[in-house]
Amino acid sequence: MPRQSSTHIPHQHREVQTLSWRVSGMDCASCARSIERAVSSIDGVVSANVVFSTEKLQVDAISDVSNQIEAAVKKIGFDSRSLNAKADSSSLLSSPQPWREYVPIVGLALLMLLSWGITQFNPWFGETAFIVTTLVGLVPIMKKSWRMMRSGSPFAIETLMSVAAIGALFIGATAEAAMVLLLFMIGESLESFAANRARKGVSALMALLPEEALIIKKGVRQTIAIADLRPEDEIEVSPGERLPADAVLLSDMASFDESALTGEAVPVERLQGEKIPAGSLLVDNVVRLNVVSQPGNNAIDRILHLIEEAEERKAPLERFLDKFSRIYTPVIMLISVLVILIPPLMYGQAWDTWIYRGLALLLIGCPCALVISTPAAITSGLAAATRRGALIKGGLALEQLGRVETIAFDKTGTLTKGQPSVTNVLTFNDSSVDALLAAASAVEMGSHHPLAKAIVEYTEQQGIALVHADNRKTLAGIGVEGDFAGKKIRISAPSKLDRVLEDAMQQHIIALEKEGKTVVLLLEDERLWGLIALQDTLREDAKAALDDLRSLGVKGVMLTGDNARAAAVIAAQLNIDFQASLLPEDKVAAVIKLNQQQATAMVGDGINDAPAMKAATIGIAMGSGTDVALETADAALTHNRLQGLADMIRLSRATNANIRQNITIALGLKAVFLVTTLLGITGLWLAVLADSGATALVTANALRLLRQR
């Protein structure tokens, strides 16, 4: 049975049940709206909402109408599966089978090639072959058109294409009819591909949670599914594993890599009693924790919910041709019928003459040039972007990029490299820097902590031999220690020392920390030996990229989960505004506020950035980012260079201008020949030429984008 919850409505005195399904088969937002309309018409349904990005249908109903809802969804051509708590937390998405989508396209292309070959030997048989090819290509499109009609969308783009192809067959333009269908199928396939890629981001997000957890009951360990975890359960987690739920640490101390949720590269040391979010990666010790979150309500689930909310906040955007077809198709059909009927019936004119003109008008109404005006420009724009190292997921994203006036940046991994490196090494009492680094790396070798890796890497770069320390161990709440060269070496943060540092030493530390650096101290047999400072460095092209964006009238703002001091240092170097210490939900709120003022893009590389990306007008991921960020984003910089942002915006603006030009060409020529056909000046052949000529002009204009500099 579907997942259910109940609330009480005072006015109606009836319970409202919340039912959820996963729906597969949607390839555009209009499919989601068709499902909503079909389900909403069922008696007992209070509201229906489909989140396209997660394929989730959620229905509020005053009675259990599950069977009716599933039947209604199936009736309009989609598959549904009810979600219970376990399925909802482990998998939201269907397994994509892209090869099935390409079968009709490949089949139609092969039939067209065969028809063309037959035409070379026998034109009549070739014409017949093209007719058969068009009818075969029409089958899936007309089926979908019929389903859309039944769901309340009588003039969807599929209807427009069906009418266009049949009209072309009536006047003998058989090859053109088949080509229009092929171009339409390719465009639909590209849109479906982009949608499926976006959904993979949600799959990757859910994959951060392990399927099972090791629970301890009365001293006995047993493995259970994470859906069966409940608050107050005691669990055990080993290094390299992720937390299956939000939990409170029972062990003394442990380090957790929380970058999946915060985006910050440096693991956090957690002490006994502190709460750690689900999805965090344990770095060092085997620990025990106490579960505090309900199933389906951990940190990962909340981020997923934020993504769904951001999707719902976006007004459903219909494609231009789909909206235009609601008026264009019925008007053209009506005018054609009137042209055929009125003169013979009312004025005694010859039927042959006006049937001829009506068919010519229908061909002029054939939206060949109009249909490809937008996809041709978008395809060229996307290809040009790919050549420049930018992945833009679909026409809508490409179009929206040109409207962006503000770009919000994550800090770590976006404006900075996301990898801490050693910036300062200071020794006290005339000690050797090389000896200090050798001792520090000996104690840190083998650690997964980014700071430890940075120290070891820096030592190796200095040409210093690496040696493992003996008896290496982590000191709860303090740091790490080991035996090296017969002495006890300890590395600790300044705040963890149980002694008061001298004023000169404190001044050194304060100065470094004011620069946004992380400082660790090294002690030899409890004698202070020196300090090492580390910092995440700015990307080399960050300043140039922001300057380039300013030249386009686009301003930048930094949104980070890092502390205000470190954020201020980076923001000052880049001369941009910033907001610091932000949780994922805070980033979403900040982006929404910016979006209310002007179109805003969000650039990030971490899972924590995914909800903000979805809330923005458009989300852009860095190529080095997490899979979730890359899949959730509308665009990605595969070359990982920030200067590609300005290139994408320039290309988008050029594409938008190209689309306007193409639509003007397509509609302008049709308007001219509409008048000349009604006056009898032009006939079928010129109508064919007008339509083909407009198509050729539109295509040639779109190809100019490939040469866009």
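Which entries of 74/143; 275/614; 417/517 show an alpha-carbon separation above 24 angstrom in the structure shown?
On the way: 74/143 14 Å; 275/614 27 Å; 417/517 14 Å.
The pairs that break the limit, which is 24 Å between Cα atoms, are 275/614.
For residue 488, which sequence-distant residues (separation of 5 or more, or a different chain) have an amide H within less than 5 Å of its own amide H, given hydrogens modelled in the peptide plane?
Amide H neighbours of residue 488, under 5 Å, 5+ apart: 525.
Quick one: if you stick a label point 7 Å off each Cα along the C-beta vector at residue 102 and residue 465, how many nm between them?
Inter-label distance under the simple model: 5.6 nm.
Which cross-chain or sequence-distant (5 or more) residues have an amide H under 5 Å from the amide H of residue 247, H modelled 1.01 Å from N in plane?
276, 278, 292
Work out the FRET efficiency for residue 146 and residue 429 from their Cβ-Cβ distance, taking R0 = 60 Å, and round it to the nearest 0.05. Intermediate values should be presented prior to the final figure.
On the way: r = 86 Å, r/R0 = 1.43.
Between residue 146 and residue 429 the formula returns 0.10.
First measure r as the distance between the Cβ atoms of residue 337 and residue 597, then evaluate 1/(1 + (r/R0)^6) with R0 = 56 Å and state the FRET efficiency to the nearest 0.05. Intermediate results must be reported in sequence, preceding the final value.
Details: r = 49 Å, r/R0 = 0.88.
So the FRET efficiency works out to roughly 0.70.
Residue 409's amide H: which non-local residues (gap 5+, or another chain) put their own amide H closer than 5 Å, with H modeled 1.01 Å from N in plane and none for Pro or chain starts?
Close amide H contacts, sequence-distant or interchain: 557, 558, 559, 603.
Can you give the FRET efficiency for residue 679 and residue 43, using 1/(1 + (r/R0)^6), R0 = 51 Å, r = Cβ-Cβ distance, to the nearest 0.05?
The computed FRET efficiency comes out at 0.40.
Spin-label point model (7 Å from Cα, Cβ direction): what's the residue 555 to residue 272 distance in nm?
About 5.1 nm, to one decimal.
Pop a pseudo-label 7 angstrom from the Cα along the beta-carbon direction at both residue 228 and residue 703 and give the gap in nm to one decimal.
According to this spin-label approximation, the distance is 6.4 nm.
Every read-out reported here was derived from the displayed coordinates using simple, explicitly stated rules and does not represent laboratory data. A quick note: this is a predicted structure, and the numbers were derived from the prediction, not measured. Neighbour counts run over all protein chains shown; Cβ positions are idealised from the backbone, glycine included.
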